[in-house]
Amino acid sequence: MLKNFYRFWMARNMIRLSSLMFSVYFMWEIVEKFHSILDVSLIPTFSLLGYFLVIFPEGYVLDKVNRTLILFFSNFLVLMSYFVLFMIYNLQVIYFVDLLSSIFSLMSSDAFFAYVKDAVEPSLLTNAISKVTMGRAISEIFGGILGGVFAGYFPGYFIYAILTFSLLGTILSIPQYDTRVRSSKYGYKDVIRVIKPVSLFLILLTAFNGLFVSIDALGSGFFYYYLHSTAIYYTIFILGFSLGSLIGGIIASKIGKSLENPTMIVVLLILVSLSFFWITIFQDPMIEPFFTASMGVEVSLADIPLSALLIRVIPNEILGKFNSLTNILTTGASPLMAVVFGTLSTFLKVTNIFIITGFVMLILSILSYSLFKKALLLKEEDVKKTLDN
């Protein structure tokens, strides 16, 4: 792989680190100061809601403009978003900064994801996605630790720290000169024709993402109200998932294509669903992180072959637009479900919500085998035939 791949990989992870710092810090500060799980649930809601305002034009730009240039400007705008906290600091401004920084952070992620297809040979994509997963996990671990430490001990220095990391991400993402002339004769109507054959598969991923956001939306309230714990234990709970993702990425880099098996993916998702039950049964702040770590390993091992598949089979001419549309489908449920989970917490115990989530995910996992089997058989030639017919 090219050295530029690792430079942009580091830049993307610096921005990811700052995003996790922001989320962990403010999700704890809000529940501590305002005593409202619903207010906390708005952090992941705004984190994704604003993204949908720019997702369609972003898809066109990614298919026509140097992707490393988009990466650089997205990272720079994340940095500018955090500067707003210097001027005004209240709950409404926190949500506003969350909205802005998340838009540009997710654009940065999309640009890097599309850049991977430019930089990496098809035969090396699974290994590259493993490294992407490992980098994401490492940035989440350090971002989560720093967010928790600043929330618990050094709140006065938080803004300076988050600006420093986002500045590093911007500097590292200085764009690579690209001599290729990008053009695409395909529009969103053509991409929709490609999506139709795998629409049920994408709807399934949407459901999983929507259910999984319960950890983000309810985690801080679960630790604060039910376990009577501190910010540090909550941070370790969140970090457990990232640590598991790192372990999963390392495993995936060793075993590679053997993960491209529908039975393996279904088993991994069943194990994820069972972890929701363990969280509610063993209500101990020192034990809970082991369950989120287990989730992280299982989710990353299931996600890596599916992500590599999408990059491998989708032609470069529509990759940006395809990402835009599929991100609406696969992540669109998350902001809505964050509010749903926050609202449900006013009527139901958080533990009961986790149990319901586990049951629904278990049923979906069992029913998903045929969809995963069909998706894993796709080839780029099949997609091109669909586009040209």
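Side notes on the structure shown:
Listed here are the residues, each with its yes/no results for (1) surrounded by 16 or more Cβ atoms within 10 Å (Cβ to Cβ); (2) closer than 28 Å to Ile238 by Cβ; (3) touching a Phe, Trp or Tyr at 6+ places or on another chain (Cβ under 8 Å).
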position: Glu288; (1), (2), (3): yes, yes, yes
position: Phe291; (1), (2), (3): yes, yes, yes
position: Asp303; (1), (2), (3): yes, yes, no
position: Gly320; (1), (2), (3): yes, no, yes
position: Leu371; (1), (2), (3): yes, no, yes
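- Residue that is farthest from Gly210 (Cα to Cα), among those in segment 281-314 that are of a type in the set (S, T, N, Q) and at pLDDT below 90: Gln283
- Verdict on Leu202 being in contact (Cβ under 8 Å) with a residue 24 or more places away in the chain and either among the aromatic types (Phe, Trp, Tyr) or under 20 Å from Ile304 (Cβ atoms) (or both): yes
- Count of segment 113-147 residues which are touching a residue at least 40 places away in the same chain (Cβ under 8 Å), acidic (Asp, Glu) and surrounded by fewer than 19 Cβ atoms within 10 Å (Cβ to Cβ): 1
- Close pairs from segment 370-384: first closer than 16 Å to Pro122 by Cα, partner surrounded by 13 or more Cβ atoms within 10 Å (Cβ to Cβ) and among the polar types (S, T, N, Q), Cβ under 9 Å, at least 6 apart: Leu376/Asn261
- Residue in segment 242-258 that is under 25 Å from Glu29 (Cα atoms), β-branched (Val, Ile, Thr) and over 21 Å from the mean Cα position of the chain (by Cα) present: no
- Helices (runs of 4 or more DSSP H) wholly inside segment 273-389 that include at least 1 residues being over 25 Å from Lys189 (Cα atoms): 288-313, 333-344, 350-367, 369-376
- Counting only residues that are modelled with pLDDT of 85 or more and of a type in the set (D, E, K, R), segment 49-85 holds 1 of them.
- Residues (at pLDDT 80 or above and within 16 Å of Val132 (Cβ to Cβ)) located in segment 315-333: Leu319
- Ser258 hydroxyl-bearing (Ser, Thr, Tyr), farther than 27 Å from Phe8 by Cα, at pLDDT 75 or above and part of a helix (DSSP H, G or I): yes
- Filter result for Ala231 (buried (at least 22 other Cβ atoms within 10 Å of the Cβ) and within 19 Å of the chain's Cα centre (by Cα)): no
- Condition met for Ala151 (farther than 20 Å from Ser242 by Cβ, in contact (Cβ under 8 Å) with a residue 12 or more places away in the chain and not hydroxyl-bearing (Ser, Thr, Tyr)): no
- Pro155 surrounded by fewer than 18 Cβ atoms within 10 Å (Cβ to Cβ) and in contact with a helix residue (DSSP H, G or I) (Cβ under 7 Å, 6 or more places away or on another chain): no
- Taking segment 139-246 as the region of interest, the helices (runs of 4 or more DSSP H) fully inside it that hold 2 or more residues being at pLDDT below 85 are 188-195, 199-212, 214-221.
- For first residues located in segment 268-294 and free of Cβ contacts under 8 Å to residues at least 60 places away in the same chain, partners that are crowded, with 16+ Cβ neighbours inside 10 Å and not in a helix (DSSP H, G or I) and lie 6+ apart or on another chain with Cβ distances below 9 Å form the pairs Asp284/Leu227.
- Hey, Gly296 touching a Phe, Trp or Tyr at 6+ places or on another chain (Cβ under 9 Å), under 30 Å from Lys117 (Cβ atoms) and of a type outside the set (A, V, I, L, M) or not: yes
The values are calculated or read from the model by the stated rules, or taken from the named source; none is laboratory data. What you are looking at is a predicted structure, and each value in this text was computed from that prediction instead of being measured. Please note: Cβ atoms are built from the backbone with ideal geometry, for glycine as well, and neighbour counts cover all protein chains shown.
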